[in-house]
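Q: A single structure is presented below for examination.
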Amino acid sequence: MTTTPHLLLRHREIANLDQLEVYLQHGGFEAFKKVVTQMQPAQVIDEVKASGLRGRGGAGFPTGIKWSFLPNNLWPHYVVCNADESEPGTFKDREILEGNPFQLLEGVMIASYAVQANLAYIYLRGEFWQIAHRLDEKIAELEKAGFLGENLFGTPYSLQLRTHLGAGAYICGEETALLESLEGKLGQPRLRPPFPAVVGLYGKPTVINNVETLTNLPLILEKGAAWYKSMGTERSPGVKIFSLSGCVNRPGNYELPLGTTFRELIYTHGGGVPEGRQVRGIMPAGASSAIISITEDRLLDTPMDYESVAAIGSQLGSASVIVLDDSVDFAWLVSKTVNFFKHESCGKCTPCREGTFWMNRLAQRIINGRATPEDISLLETVANQIAGKCLCALGEFSVMAVTTGIRQFRSDFEHHVNGSGSTATGG
Amino acid sequence: MNQLLQKYPEEVQQILAKYPPEFKRSAVMPLLYLAQREANYVPRQALQDIAEILEISTTDVASIVGFYTLYYDEPGGRYRIQVCTDLPCALRGADRFLQELCERLGIEEGGTTPDGLFTVEAVKCLAACHRAPVFQVQGDGEIVYHENQSVELAMAWIEEVRARVAAKEDRS
Ligand SMILES: Cc1cc2nc3c(=O)[nH]c(=O)nc-3n(C[C@H](O)[C@H](O)[C@H](O)COP(=O)(O)O)c2cc1C
Ligand code: FES
C-alpha cells in the first residue's frame, strides 16, 4: 500500500480512492489477502498488540488486547464497527467513510479474520443515510470481486458484512447501547460485566471498534508493528485525526502524530483564532470534555496524547478539539453542553435522567438572567451528585463542562446573576 | 392484510436477510424507515404490520418510534429541515441562522409552513461542525446534508423545491 502524507485520510492525495479499482491500484486488500492466506488469527492479534494501537472511539483501550479477550469456546464471534459518531465536535469518521471507505472495510475484514467472525456489522448513525447506501454498494462490489463471501482466496474462511442504520440517538455510540439498538431494542446501555467481548451481539463474543481504529489496520498489517510504533509517542503510538472546530480560522480534520501540541494544531494547521483573539479554553474531547482553562500560554504546548492531556486534568477522548476564545461566554457554553446531554440521556438510570433535566433548567435560568447567586452553587451541587452514580459514561460526560466551567470561569456565571445578564452567545 | 409487506415485498425480504433468522427483531429499525418513506412519518397501521412481520408486540414497535429522534408518529412537513445548533455550530452563528430562517419562512422553530412542505427544527450535532451553519433534510425517504449554509442559500433551495412540487402538481 502506498504511503502518502496521510495514512487514514489518503483520499486527500489520491483522487477517487473511494472507487474499488483505484483502491486496488494503491495496494488495496493486499493486507487482507496476506492475513487470510498466510497468517494465523493469533498472529494477527499479536501484530496489532505489538503496534500499540489504541481505540480511537474515546477510551483509548489497546485494540489487540481487547481482541484477545474473546473466548475460543463460545461461537459465533461477531465484529461491530462503531460509526455512530455523534459527539459534538467530532466529524472524523464521516470523512473516512466518505473519502476512504475501502480502507475502513478492509480494516473491518482484518479484525473479523483475527477473531474468526463470519459476520460483521457496521452501525452508522441514521443521519449517515447517504453514506450507508454507498457502503452497501461497495460491499456488493467486494462480494462480486471475491473479497467477501465463502471460502475466501480458496481458504475455509468466509465473511459477510452488513450495514445497520441508527435513528438519531447519541447514546447508541456507547457500545452496549449500540448492541441493544442493533438487536432491535431501545438504545439503552447494559450493565457490565459481562463485557461485549464475552456476551455481546445476540449474546455472543463481540469486538466493537471505532471507524478510525479499524482504518489503521490495513497499514499496520502491511508495514508491521515496528513501523507503526515509530510514529506518535511511546505510550500513544501512531497517527490520530483531530477534528478541529469552534473559534479557529480553518476548522477541519487534521491527521497528525499523537503527541502533536495544541499550539501546532490550532496555529500551524488551523490558521489561528479569528481576529487575533486569545484562546481562553479548550475542549479536547468534544462536549464531554473537562474544559482546559488556558491560564498560561505554555498550556498550549501540551502534547495531545492520552497521558499528557490527562495530566492537565482533561482527556483526549475522540480528539474533537473545540477552541474557545475570549469572546465566548462560558455560562452560555455550559448551557449548550448541558442541553445536549439532557436531550440525549436515554432515561434508563435516575441520576442521569433527572440530573441532566435539573442542570438544564438551572443553566437556562442563569443565562436568561433569572437566577440568584445560589443557583450557581446549586448547579454545581447537582453536577456533583450525578458524578459517579450513573449506569454508563454519558452521565459522567454531562457534568464535565459544568464542574470545570464553574470552577474555572465562575465570573462568567456571576455576570448573569448580578443584573447585567444579557443573553450573550458565542456566535 | 399486511400493507407494508404487500407494498414492498422485495425490500422487506432484503431487510430481513441482513440478520440471522432467529434474531429478526433486529430488522425493526430498517422496517420503520421503510414505513416512513412515503409520508415522512410512521402511520399507525405500519406499527401493526411491522409487529406482525417480526412477531413482536405493537407496543414494542411503538416504543422504538418514541425513543429514536428520526422516526415520527405524527405528520409534519413533507421535508424536515433540521438545523444543528450544538456548541461548535453555535460558535459559528447557527442559532442566528436558525432564527433568521424561521423569520423568513414566517414560522416558529418546530413549526411547519402553511403549504405543508417544510418543518424547521433545531437538532443536535450532525458531524459537520466544521461546515456550519449546517442542516439536514429528511424527506422522500432520504436524509441529505446541506453544509456551509447561509439564509440565502437555504431559501434558494426552498424555492427550488416549491417550484418542483408545483410543477409536479400541475402535471397531475
Ligand atoms: C455516551 C457515549 C457515546 C459514545 N459514542 C461513541 C461514538 O460515537 N463512536 C465510537 O466509536 N465510540 C463511542 N463511544 C465509545 C464506545 O463505547 C466504545 O468504547 C468504542 O466504540 C470502542 O472502540 P475503540 O476501542 O476502537 O475506541 C461512546 C461512549 C459513550 C459512553
Ligand atoms: S455541532 Fe453542529 S454539526 Fe457538530
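Q: Report, as an integer, the average count of C-beta atoms from other chains found within 10 Å of each Cβ along A:91-100.
A: What the average comes to for A:91-100 is 2.
Q: Excluding ligands, DNA and RNA, what is the solvent-accessible area per residue of segment A:120-167 at a probe of 1.4 Å, expressed in Å²? Don't jump to the answer; show the numbers that get you there.
A: Numbers: 1760 Å² over 48 residues.
Each residue of segment A:120-167 exposes 37 Å² on average to a 1.4 Å probe.
Q: Please state the Cα pair-distance histogram of segment A:10-229 with 5 angstrom bins from zero: what percent is in each bin?
A: Per 5 Å bin, starting at 0, the Cα pair percentages come out as 1, 7, 16, 21, 22, 18, 11, 4, 1, 0.
Q: Can you give the helix-only mean residue ellipticity at 222 nm for the protein assembly as shown, where every DSSP H stretch with n ≥ 4 adds -39500 (n - 2.57) and the sum goes over all residues, rounded to the nearest 500 deg cm²/dmol?
A: Per the formula, -12500 deg cm²/dmol.
Q: For residue A:372 and residue A:144, FRET efficiency with R0 = 60 Å and r from the beta-carbon atoms, rounded to 0.05?
A: 0.35
Q: Just the projected area, averaged over all directions, of the convex hull on the alpha carbon atoms of segment A:103-258: how many nm²?
A: Numbers: hull surface 47.1 nm².
Convex hull of Cα atoms, orientation-averaged projection: 11.8 nm².
Q: Using packing as a proxy for protection, rank B:9-15, B:119-125, B:50-56 so that the peptide with the highest average count of other Cβ atoms within 10 Å comes first.
A: Output ranking for B:9-15, B:119-125, B:50-56: B:119-125, B:50-56, B:9-15.
Q: Counting only other chains, what is the mean number of Cβ atoms within 10 angstrom of the Cβ of each residue in peptide A:246-255?
A: 3
Q: What share of all Cα pairs of segment A:234-283, in percent, falls into each consecutive 5 Å distance bin?
A: Pair shares across the bins are 5, 21, 31, 22, 12, 7, 2, 0.
Q: Please work out the Cα convex hull volume for segment A:330-417 and give it in Å³ per residue.
A: With only Cα atoms used, segment A:330-417 gives 68 Å³ per residue.
Q: Something else about it: Percent of accessible area on chain A owned by carbon and sulfur, 1.4 Å probe?
A: Solvent-exposed carbon and sulfur of chain A make up 51 percent of the total.
Q: So how strong a dipole does chain B carry about its Cα centre when Lys and Arg Cβ are +1 and Asp and Glu Cβ are -1, to the nearest 20 debye?
A: 260 debye
Q: Another question, then. With heavy atoms of protein chains only and a 1.4 Å probe, what residues of segment B:18-46 have at least 20 Å² less accessible area in the full set of chains than alone?
A: For segment B:18-46, once contacts with the other chains are taken into account, B:18, B:19, B:20, B:23, B:25, B:26, B:29, B:33 lose 20 Å² or more.
Q: Compute the orientation-averaged projected area for segment A:1-57 from the convex hull of its Cα atoms and round it to one decimal in nm².
A: 5.0 nm²
Q: Taking segment B:79-171 as the region of interest, what is the percent of Cα-Cα pairs per 5 angstrom bin, listed from the shortest bin to the one with the maximum distance?
A: Pair shares across the bins are 3, 14, 26, 26, 17, 8, 3, 1, 0.
Q: Follow-up. Putting +1 on Lys and Arg Cβ atoms and -1 on Asp and Glu Cβ atoms, find which of A:300, A:335, A:177 reaches farthest to the positive end of the dipole of chain A.
A: Farthest towards the positive end: A:177.
Q: Then there's this: In whole percent, how big is the carbon plus sulfur part of the accessible area of segment B:79-171, probe 1.4 Å, protein atoms only? Please list the in-between numbers first.
A: Numbers: 1760 of 3880 Å².
Ligands and nucleic acids excluded, carbon and sulfur reach 45 percent.
Q: Could you state how much accessible area is buried at the B-A interface, both sides summed, with a 1.4 Å probe, in Å² to the nearest 100?
A: 4000 Å²
Q: Only Lys, Arg, Asp and Glu count, each charged at its Cβ (+1, +1, -1, -1), so figure out the dipole size of chain A about its Cα centre, rounded to 20 debye.
A: Its charge dipole is roughly 640 debye.
Q: Sticking with this one: Counting only Cα atoms, I'd like the Rg/Rh figure for the protein assembly as shown, Kirkwood definition for Rh.
A: Result for the protein assembly as shown is an Rg/Rh of 0.96.
Q: Hey, got a sec? Which GluC sites (Glu not before Pro) in segment A:188-245 land in a DSSP loop and have at most 13 other Cβ atoms within 10 Å?
A: Within segment A:188-245, the qualifying GluC sites (Glu not before Pro) (loop, at most 13 other Cβ atoms within 10 Å) are A:234.
Q: Another one. Averaged over peptide A:157-165, how many Cβ atoms belonging to another chain are found within 10 Å of each residue's Cβ?
A: Partner Cβ neighbours, averaged per residue: 2.
Q: Using just the alpha carbons, could you tell me how many Å³ per residue the convex hull of segment A:184-284 encloses? Mind showing how you got there, number by number?
A: On the way: hull volume 18.5 nm³, N = 101.
Here the figure is 183 Å³ per residue.
Q: Another question, then. List the aspartates and glutamates whose Cα sits under 17 Å from the Cα of residue A:223, skipping any in the same chain fewer than 8 residues away.
A: Correct list for residue A:223: A:30, A:46, A:47, A:106.
Q: So what does the Cα-only Debye profile of segment B:1-155 read at q = 0.09, 0.11, 0.15, 0.21 Å⁻¹, as log10 I(q)/I(0), no solvent term?
A: -0.35, -0.51, -0.82, -1.19
Q: Would you kindly calculate the mean projected area, averaged across all directions, of the convex hull enclosing the Cα atoms of segment A:245-401, in square nanometres?
A: Numbers: hull surface 38.4 nm².
So the Cα hull casts an average projection of 9.6 nm².
Q: Let me ask something additional. At q = 0.14, 0.21, 0.25 Å⁻¹, work out log10 I(q)/I(0) for segment A:247-328 with the Debye formula, treating every Cα as an identical point scatterer and leaving solvent out; two decimals please.
A: The Debye formula, applied to the Cα set alone, gives -0.39, -0.93, -1.39.
Q: Could you tell me the extents of segment B:3-67's C-alpha atoms along the three principal axes, largest first, rounded to whole Å?
A: 27, 22, 17
Q: Follow-up. For chain B, report the accessible area per residue in Å² (1.4 Å probe, heavy atoms, rounded to an integer).
A: 47 Å²
Q: Let me understand segment A:20-128 better: what is its radius of gyration from the alpha carbons, and its Dmax, in angstrom?
A: Gyration radius and largest Cα-Cα distance of segment A:20-128: 14.6, 42 Å.
The values are calculated or read from the model by the stated rules, or taken from the named source; none is laboratory data. Because the structure is predicted, anything quoted here is derived from the model rather than measured. No Cβ is skipped: glycine too gets one built from the backbone with ideal geometry, and neighbour counts run over all protein chains shown. When the accessible area is computed, the model is the full protein with side chains, heavy atoms only, and any ligands, DNA or RNA have been set aside. Shrake-Rupley method; radii C 1.70, N 1.55, O 1.52, S 1.80 Å.
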